[in-house]
Amino acid sequence: MSIDIAYLKEWIGKSESRSDFASPTPVQALAATLDRDDAAPHTGDPIPPCWHWLYFLPLHRQSEIGPDGHAKRGGFLPPVSLPRRMWAGGRLEFLRPLRVGSAISRISRIVDVSTKEGRTGSLVFVLVRHEVSDADGIALTEEHDIVYRENPRPGDPTTPAQAASDEHEWIREIRPDDVLLFRYSALTFNGHRIHYDRRYATEVEGYPGLVVHGPLIATLLLDLLRRHRPDACVSRFAFRAIRPLFDVAPFFVCGRREDDGKNVALWAKDGNGSLAMEASAELG
């Protein structure tokens, strides 16, 4: 498939601004979805790291939705013609926590658009930078990596599995059934059909089952840290998706403290021990 990268690069510098209110209900709903026994949130309570993904939801009209459940291409994001779109990773810096009950805003900007040839065809990478603020100024910054790729074809080479580390300090088994994936899709107003429409995921995009959301896996990694270090203050977090996880089998989120006592290694692995996501958290 031909990619007009010069045309797509015209989106670099494009920005959009959004405003929202950090209401307590999404926080309580995500806690329930993650099977946490948290007290009901109240005004002024800190919002956990990466739970800002519950806000600034993509409120596109139904007529603006494309066949994959995402908004049609060519609005804020460049009109990449490749059919598969995935959240490939991100890097976040938390300057201070957002708080329940506060007015919040987000400025998003396209930083880069690039392409390369992978083992199964063309890839397009889009880098988006977000700044999330409250009344006191910027509270967090985020670099969001998006990758677009072709649908699989018969005979395409498969990505070799990478063995995950067994040297974990903490580990938790996650059973990603379709109810969990549906609830997270609903909370984030994510219409991408690979997460809830099994027929579309398997017959159109060629996956073996429903795909577990990348940001859900990242959230579960930070949740593992919170369960074992509830008083820890995360100042930075970075994650990278290695290979997708599906609802056909359990997976595991793992973590350990590094020797410096300041950094935490986090990763997710499938039931065969293959690395699915790697991440790191820096404690402030």
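Entry remark, segment 136-187: residues being within 30 Å of residue 115 (Cβ to Cβ), in contact with an Asp or Glu (Cβ under 7 Å, 6 or more places away or on another chain) and of a type in the set (Val, Ile, Thr) number 1 in total. If the condition is being touching a residue at least 40 places away in the same chain (Cβ under 8 Å), in a loop (DSSP other than H, G, I, E, B) and open to solvent by less than 50 Å² (accessible area, probe 1.4 Å), then segment 37-55 contributes 41, 44, 47, 48, 49, 50, 55. Residue count for segment 88-118 satisfying the condition of being more than 18 Å from the chain's Cα centre (by Cα), of a type in the set (Ser, Thr, Tyr), part of a strand (DSSP E or B) and surrounded by 15 or more Cβ atoms within 10 Å (Cβ to Cβ): 2. Residue 37 meets the conditions (1) at pLDDT 95 or above; (2) under 21 Å from the mean Cα position of the chain (by Cα); (3) under 26 Å from residue 176 (Cβ atoms) in every case but one. The failed one is (2). Candidates in segment 149-195 are the residues that are in contact (Cβ under 8 Å) with a residue 12 or more places away in the chain and of a type in the set (Gly, Ala, Ser); of these, the one that is most open to solvent (accessible area, probe 1.4 Å) is 163. Of the residues making up segment 5-24, none is out of contact with any strand residue (DSSP E or B) (no Cβ under 6 Å at 6 or more places or on another chain), under 29 Å from residue 252 (Cβ atoms) and not in a helix (DSSP H, G or I).
The values are calculated or read from the model by the stated rules, or taken from the named source; none is laboratory data. Source: prediction; values computed, not measured. Heads up, the Cβs are rebuilt from the backbone with ideal geometry, glycines too, and the neighbour counts pull from every protein chain shown. Just the protein is used for accessible areas: all its heavy atoms, side chains included, with ligands, DNA and RNA removed. Shrake-Rupley method; radii C 1.70, N 1.55, O 1.52, S 1.80 Å.
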